[in-house]
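Read through the structure below, which is laid out as structure tokens, and then see the notes.
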Amino acid sequence: MPTLKTKLLLPESARKSPWTVEVGLTAQGVPFPKTHNIRELVEMLPAGTQLNLSEDQQDELTDYATGARYPGWGDISLTDSQRAVAIARRLRGDVRKLLPKAALRRRKR
């Protein structure tokens, strides 16, 4: 049974996945269309850009970004939610490598 944590984590991380790739495209000076399709956005990244995501994982995040946040999607298991969060975090880490150092904010520990 999904918990409140499951319902909160998944939409927040998956919803921002297309935006994450758009930030990388912007940093590289690549114009992009308005879309939530992560694979389409990833294909626009400059040649040689390495993202640690399979096409299936890109499609999974796209599905969550476009459907899971709306009523009627159905339940999302804690395991699926945790996997989506891990994929989204890996995507974020890969895209951060494309950003200039000045754009990265240092976190206080």
Neighbour-count ranking [beta-carbon atoms within 10 angstrom, fewest first] of ILE38, ILE87, ILE76: ILE76, ILE87, ILE38
Neighbour-count ranking [beta-carbon atoms within 10 angstrom, fewest first] of VAL21, VAL85: VAL85, VAL21
Magnitude of the charge dipole, the range 31-109, Cβ model with Lys/Arg +1 and Asp/Glu -1, debye to 20: 1060 debye
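Values quoted throughout were computed directly from the atomic coordinates according to the rules given, and no laboratory measurement underlies them. Computed from a prediction, not measured in an experiment: that's the story for all the values here. Every residue, glycine among them, receives a Cβ derived from its backbone with ideal geometry; neighbour counts consider all protein chains shown.
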